[in-house]
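This report concerns only the one structure given below.
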Amino acid sequence: MTTLTHAPASSRPIPNPKKSLITRLHMGTGMVVGIIFCWGTYFAMKAGRDMTDSHNVNKVLLASMMMWSFGFLVGIGALIGPFRWLIGKDLTAEEQLYLAGDGQGVKRYFKYCTDHKVVGIQYLVGVMTMLGAGGTMAMMIRTNLATPGSHFVNPNVYNSLVGLHGITMIIALIIVSTGPFGNYIMPIMIGAADMAFPRLNALSWWVLFTAIPVLCSAWFLGGIPTGWTAYAPLSDQAGPGMNAFLATIIIFALSTAVAGANITTTVIAMRAKGMKWNRVPIFVIGATISVALAVPAFPTFMVAMIQTAMDRTIATGFYDPNVGGSGWLYANLFWIMGHPEVYVILIPGVAALMEIAPVFVRKPLFSYNAAIAGFAGIAGLSILVWAHHMYMSGWMPALNGPFMVTTEFISVPTGLLFLVLIGTLWRGKPWMKLPMLSVYAFIWDFLIGGITGIYLSDVPADNYLHGSMYVTAHFHYTLMGAALTGAIGGLAYWFPKMTGRMLNERGGYISFWLVQIGFNVLFLGMFLAGAEGQPRRVADYAHLFAHANLISTIGAYSVGIGMLTLLWAIIHSARSGVVAPMNPWGAKTLEWTVPYPVPLVNFDTPPVVTSDPYGYGRSAK
Amino acid sequence: MAHDTEFHIHHDSPEKVGRRERLGVRILIVADGSFLFSMIFSWFYLRNLNVNGAWLPKGVHTFTTSSGYMAAAGLVVAAVAHRIGEKKMEARKITSMVAFLALIFGLYYQWHQMAHMPFIAQDDAGRPFYNGAYASNWVLVAGANMFHYLIGGFVALGLVIRGRRASIDPVLEEWRQRIAGSWFTWIAVSGILCAIATSFK
């Protein structure tokens, strides 16, 4: 394990690491220091400022939020490593062992722990919490839309609900597979003892963690009235809640950059001996392409957020036409990130399902190379399609045609993914266990999401459908139908390795059918309303759309009940489920060769790979 | 996936760790490069759009072309000094100190520029604002330079201190010198690109 073995030979071990400062820091001290930094900044900056001026309010709030994040990291001990490096006293082997959580039981989940398995579980709990919060907001949105008249919440609250639901779910879905499985499972899959940068790994999680209360604070600051896209100049003019959005994205972009560098380096540099590129499990390939795409994509989003923050705090004018700014600048920067981000979300989920399919049909993955070509093609083209989100904005109409072509062309590598999955299933005898259900659900859901996307990429059709519920239904079929379905399949598949117990089959089945039936009722109804012309992001609607909306809301409740059932199944199974054998699915990848609990350094002896991971039905070569 | 466990490699060599760390830093440089690209895109986009003729409103002063290069000079000097130190180990104590001081002076110079910006105006209520898209973009570029100076200064200070301590693994430290070299080279390139961009007024 890298954390344990790279201590300089000449570094002096401290007599007893249990007396070191590192041992006294945890989530609680992080929160205390974070709150002190936050309130200290707030009161210090507020003093002597005219707080009736919105620029000053924004300045004070943004600085306080960023200082909360910084203070938390100081308080949990995340900066001890860099500080010790600075003064030339590197962490000792004992201290690194302590940071890895050795022998600390449940406490390590609340500490700055560098063990990738702990970080994976932290991500899993964090993602589930975010999905729960985002899902609750979705229920509130659908309840409001059940009947015309916006009886449940007022339009301002509705706007905030839509914005917060959107950004919460986007963040959750970006990390839903690469967070838990990319951290817990992936290093074991490639035969590594740990991630390349264990301390950065823990940092990426705890930085992200600090964004959660910041985003929640938006509720108490008047909400986010802009939707998750936060278009300028609306976001320039929005109330104090917008600061929470900006701070969240800036913090999240930092976390993503760190996590992306870490995962990419781990896969490139730490694969087991014999694991040539054509022997790397497809989930690892997918997760790596996803994070490698995120590394250059998210900084553009961060720049857009920083520019908005500057407009709001120090009165620059990036998006104010009076002083030479333009909302089109924001739209470009946002969507240069925004469309690749869809694939950052999607690819790991699909890759997880490609990992599952061969195991449960006992056939090799059909055309491993086509799968890689599909992922790479999607990633490459995704940076050339951003302006299809801006057809109707009036920006460069002459480019609508070329962007239409590139967008439609992206369906070719996407088709390869279908080809690989269907080819794998073809004439197989599927073992219909819980993870396998997600493979079939994905094929149905993503087919609908993908085909409706082709309509939307078409400029004339988009002219009519743009800004309607049709678009909302399309991207939910894409993101939820592919990424979330893939992640749930992945959870069912890797649950035994992450918890040592099998996921409750009955609860899983009930959840699966409630979610899938509800999901299709919900969003097919939404397609109907959208095709008839119902605009999105509006709290009320004409009676013409009443039936479609009522159907959608019934579907939403079914999804909600299904997700609660899944939550129950997860908690119940983790606490008292059937104890899992080491390799319950008879899979061939390396994570199934280690016992549960997985040893600190994963493998007693580093493995040497001698065959491909999908050699079902043929002898090893 | 068939595998065997005949090898017993538990400790990665400093060479291997060094290469890995260099790769990680280079990937982070890609992220920072994307940030830089977005800033330069903003600069030229708003300059060419010139919305309401307010890229550079009449009467608004700008920084001289040379001031952008002056702001980048500290980054360049630090990168050159560090490269010399990488090649001549006996001069390393001096070159790391030169790199650190160059970054501190550069940081001060950038700060001084930001404290004396010629394009801040006041609205009817007497509140300051950045007059024109040139001004907005300039302050963002200057802020990015400041960020590079700060991170570069942290790394340079670390190398100065570590270079004076005996209890450092020499092989791993040699790699860290090279990794720091990647970062210093990048921030120097970034500074020059920013200076070129800001010369287009």
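Rule-based calculations on the coordinates, nothing more; no lab input. Remember, it's a predicted structure, so these values are computed and weren't measured experimentally. Every residue, glycine among them, receives a Cβ derived from its backbone with ideal geometry; neighbour counts consider all protein chains shown.
The figures follow:
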read-out	value
Per-residue average of Cβ from other chains inside 10 Å of A:160-170	0
For the protein assembly as shown, share of DSSP beta bridges that run antiparallel, in % to the nearest 5	90 percent
Calculated [θ] (222 nm, deg cm²/dmol) that DSSP helices of n ≥ 4 give over the protein assembly as shown, each run adding -39,500 (n - 2.57)	-22500 deg cm²/dmol
Theoretical gain in end-to-end length, A:V412 to A:L524 [0.36 nm per residue, Cα-Cα removed]	37.9 nm
Taking the range A:161-233 and dividing mean pair separation by its residue count, relative contact order in percent (alpha carbons under 8 Å, at least six apart)	64 percent
For residues of A:88-100, the mean tally of beta carbons on other chains within 10 Å	2
Gain upon complete extension [A:S367, A:D604; 0.36 nm per residue less C-alpha separation]	82.0 nm
Residues A:H572, A:H165, B:H148, B:H116 arranged by fewest to most Cβ contacts within 10 Å	B:H116, A:H572, A:H165, B:H148
Sites A:D53 and B:T62, calculated FRET efficiency, Cβ-Cβ separation with R0 25 Å, nearest 0.05	0.35
Size of charge dipole - the range A:115-593 - debye, nearest 20, with Cβ of Lys, Arg +1 and Asp, Glu -1, no other charges	1660 debye
Point-charge dipole on Cβ atoms (K/R +1, D/E -1) for the protein assembly as shown, about Cα centre, debye to 20	1860 debye
Paramagnetic reach from A:R24 in the range A:62-96 [backbone N under 19 Å; point 7 Å along Cα→Cβ]	A:71-84, A:91-92, A:95-96
Relative contact order %, the range A:115-593, counting alpha carbon pairs below 8 Å whose residues are six or more apart	17 percent
Cα-Cα pairs of the protein assembly as shown separated by more than 53 Å (percent)	11 percent
Burial order of peptide ranges A:553-562, A:152-161, A:262-271, A:111-120 (average beta-carbon count within 10 Å, highest first)	A:111-120, A:262-271, A:553-562, A:152-161
Formal net charge of residues neighbouring A:M305 (Cβ-Cβ distance under 15 Å; K, R +1; D, E -1)	-2
Shielding by partners - mean other protein chain Cβ count within 10 Å, residues of A:80-87	3
Least to most buried among A:T424, A:T499 (fewest other Cβ within 10 Å first)	A:T499, A:T424
Relative contact order %, chain B, counting alpha carbon pairs below 8 Å whose residues are six or more apart	37 percent
Per-residue Cβ neighbour rank within 10 angstrom, fewest leading, A:C216, B:C194	A:C216, B:C194
